[in-house]
Amino acid sequence: MPVSKDDLTHAEVGIVHATEMEISPLLSRCDRVSKYTGGDLVVRGGKFDKTRVAFVQSGMGPARAAKATQALIDAHSPEWILSAGYSGALRPELKRNDIVVADSIVDAAGVPLTIDLKMPADPARGLHVGRLFTSDTMVRTVAEKQALGEKYQALAVDMESIAVARKCQQFKTRFLAIRVISDDMTADLPPEILTVVGSTGAVRLGAAVSALWNRPGSITDMWKLRTDAMGAADKLATFLEGVIDQLHRAG
């Protein structure tokens, strides 16, 4: 059911994302964007065409994502919640900027959570439908990704989606997980990412300075990583535009 134009509390669509960068291109396409903070959560609201969307920036990891989803449901009672953001490829055929829509999600416990999804894959155009693996730690190396992909039969890895899905299941809120591949299986992520990026998703200045001191070449690697991430976020925004429009039309 469409939300009244005068209703500034409820949202048709809620989006849980770990960092601001993941969602900033979509935010830039929204009208009347507002922002408030609650504890360590950052909440934004805006209108995308005719759809009211609430964004909650959770920080990284399942525990933070579960907390953010609970806050989103309590404050804005969205009809749909999307877990959206970056992911790492666990299969060599997935390339940077490809989109993954989950039809199931699994974590280290190994019990898949199935999502009722009727969306055809189109790998030739970079759209993949399949299983996501949610990790509670960052997966940095190609060897780790290969092992996880084989063990859990998953396409990609993130750090939040299964926690968001479980909260939605608990509160009977409709759910989708939509992820963009920000790092593929052609190279390891730079080791500095484990210390430079904090659990909130923000860059830790002291750690960044230390990384540069210890390995001057890290600045080139981290800058490329940022550039790649910005391109992936733009691709994600374009895909999410279409999804939000379809959800609005479906009522």
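The values are calculated or read from the model by the stated rules, or taken from the named source; none is laboratory data. Here the structure is a predicted model, which means the values were calculated and not measured. Reconstructed Cβ throughout: ideal geometry from the backbone, glycine too, with neighbour counts over all protein chains shown.
LYS95 passes every criterion in (1) farther than 12 Å from ALA232 by Cβ; (2) more than 15 Å from the chain's Cα centre (by Cα) apart from (1). Look at region 149-166: where a residue is under 10 Å from ALA177 (Cβ atoms) and a partner is modelled with pLDDT under 95 and outside any helix (DSSP H, G or I), sitting 6+ places away or on another chain with Cβ atoms under 6 Å, you get GLU160/ALA18.
If you check GLY85, GLY39 for being buried (at least 24 other Cβ atoms within 10 Å of the Cβ) and at positive phi, only one passes: GLY85. Exactly one residue out of LEU148, LEU132 is over 15 Å from the mean Cα position of the chain (by Cα) and either of a type in the set (A, V, I, L, M, F, W, C) or farther than 14 Å from ALA65 by Cβ (or both): that is LEU148. Would you tally the residues in region 27-83 being of a type in the set (A, V, I, L, M), in contact with a strand residue (DSSP E or B) (Cβ under 8 Å, 6 or more places away or on another chain) and not in a strand (DSSP E or B)? Residues meeting the conditions: 8.
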